[in-house]
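The values are calculated or read from the model by the stated rules, or taken from the named source; none is laboratory data. In this text the structure is predicted, and so the values were computed from the model without any measurement. Here the Cβ positions follow ideal geometry from the backbone for every residue, glycine too, while neighbour counts run over all protein chains shown. These area figures cover heavy atoms from the full protein model, side chains too; ligands, DNA and RNA do not enter into them. Shrake-Rupley method; radii C 1.70, N 1.55, O 1.52, S 1.80 Å.
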Amino acid sequence: MFPLDSPWNISFAGCGFLGIYHIGVASCLKEHAPFLVENARNIYGASAGALTATALVSGACLGEAGANIIDVSKEARKRFLGPLHPSFNLVKIIRNCLYKTLPDDAHEHATGRLGISLTRVSDGENVLLTQFNTKEELIQACVCSTFIPVYCGLIPPCLQGVRYVDGGISDNLPQYELKNTITVSPFSGESDICPSDGCTNMHELRVTNTSIQFNLSNLYRLSKALFPPEPQVLKEMCKQGYKDALRFLKKNGMYKKVYRDISGHVF
């Protein structure tokens with residue numbers, strides 16, 4: 001059973017376009033165990049995981065966030081070389097999506113509760129940012145955390161006069177080592193919420209604190225993290241995240257059945 005006798009955290013791993021999995025997980029937690037989200041001491045994220053963590057803390061619409069990932073993947077797939085095509089500006093796309101999705105007071109909800117993993121360019125050290133003075137500063141922190149060198153561009157973004165790149169490079173699963181942190185990853189492994197591939201292969205990779213079981217399913221997922229699959233595959237990954245979160249809640253006695261009326265409203 002997961003310990004809830006002391007304040008707990010939630011941590012979302014970096015995973016590129018597989019961040020759609022996190023949307024499924026977050027949707028399930030909000031629907032069937034809202035207390036986990038509302039009473040969490042901190043919600044952490046690295047790279048794509050930081051985007052879901054930000055949406056969850058700020059109260060942004062998860063459905064809209066998921067739709068954004070699908071739309072961005074469609075745009076990437078239209079181009080030769082996908083996201084690497086010169087006309088595809090992922091940094092600009094992420095910034096625009098965050099401006100539209102996040103509420104104006106997102107930074108107020110995030111300060112003190114949200115932790116965004118960044119990698120400082122000057123020395124390669126990890127920085128866990130938890131203070132955000134404005135919505136713009138929060139969005140820029142997300143941009144920094146998702147900036148993969150070369151893949152996103154050659155000049156790293158700047159925040160408060162310091163240049164940062166993808167937080168997953170130095171810590172892809174913030175605070176994973178704490179016993180009261182619920183870890184979330186779209187790769188099967190030892191995270192609390194992750195796919196179960198039913199594989200007996202005990203070989204495991206550790207990618208900056210993220211447990212990834214060595215099997216064919218994870219190799220496929222890794223190949224799609226930076227080069228998105230068809231929209232239907234992403235939708236299935238979102239559903240998988242929801243199912244895996246539901247399994248975690250039931251296993252730990254946290255599941256709350258939700259009833260809806262004919263119009264879809266929860267009661």
Flagged pairs (Cβ under 6 angstrom, 6 or more apart or on separate chains; first in segment 220-239, modelled with pLDDT under 95 and of a type in the set (Gly, Ala, Ser); second in a helix (DSSP H, G or I) and open to solvent by 90 Å² or more (accessible area, probe 1.4 Å)) are none
Across segment 103-126, the tally of residues that are farther than 17 Å from Ala55 by Cβ and in contact (Cβ under 8 Å) with a residue 40 or more places away in the chain stands at 8
* Check whether at least one residue in segment 136-153 is under 25 Å from Asn39 (Cβ atoms) and free of Cβ contacts under 8 Å to residues at least 60 places away in the same chain, and report yes or no. => no
Out of (1) more than 18 Å from the chain's Cα centre (by Cα); (2) at pLDDT 90 or above; (3) open to solvent by 40 Å² or more (accessible area, probe 1.4 Å); (4) farther than 15 Å from Gly241 by Cα, the one Ser196 does not meet is (4)
**OP:** With the condition kept exactly as written, say whether any residue in segment 49-63 is surrounded by fewer than 19 Cβ atoms within 10 Å (Cβ to Cβ) and under 30 Å from Lys179 (Cβ atoms).
**Re:** yes
By residue number, the members of segment 148-178 that are within 21 Å of Pro228 (Cβ to Cβ), not β-branched (Val, Ile, Thr) and not in a loop (DSSP other than H, G, I, E, B) are Asp166, Gly167, Gly168
Within segment 203-239, the count of residues that are within 17 Å of the chain's Cα centre (by Cα), of a type in the set (A, V, I, L, M, F, W, C) and open to solvent by less than 50 Å² (accessible area, probe 1.4 Å) comes to 5
Note on segment 81-130: residues in a helix (DSSP H, G or I) and among the acidic types (Asp, Glu) are Glu108
Picked from segment 137-147 (must be in contact with a Phe, Trp or Tyr (Cβ under 8 Å, 6 or more places away or on another chain) and part of a helix (DSSP H, G or I)), the residue surrounded by the most Cβ atoms within 10 Å (Cβ to Cβ) is Ser145
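Here's the yes/no breakdown for (1) among the β-branched types (Val, Ile, Thr); (2) at pLDDT below 95; (3) farther than 16 Å from Ile139 by Cα; (4) open to solvent by less than 50 Å² (accessible area, probe 1.4 Å):
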position	(1), (2), (3), (4)
Phe35	no, yes, yes, no
Asn39	no, yes, yes, no
Gly45	no, no, no, yes
Glu75	no, yes, yes, no
Ser87	no, yes, yes, no
Asn96	no, no, no, no
Thr101	yes, no, no, yes
His109	no, no, no, no
Exactly one of Tyr242, Tyr255 is at pLDDT 95 or above, open to solvent by 40 Å² or more (accessible area, probe 1.4 Å) and in contact with a helix residue (DSSP H, G or I) (Cβ under 6 Å, 6 or more places away or on another chain), and that one is Tyr242
Any residue in segment 111-118 that is on the phi < 0 side of the Ramachandran plot, buried (at least 22 other Cβ atoms within 10 Å of the Cβ), over 16 Å from the mean Cα position of the chain (by Cα) and among the hydroxyl-bearing types (Ser, Thr, Tyr)? no
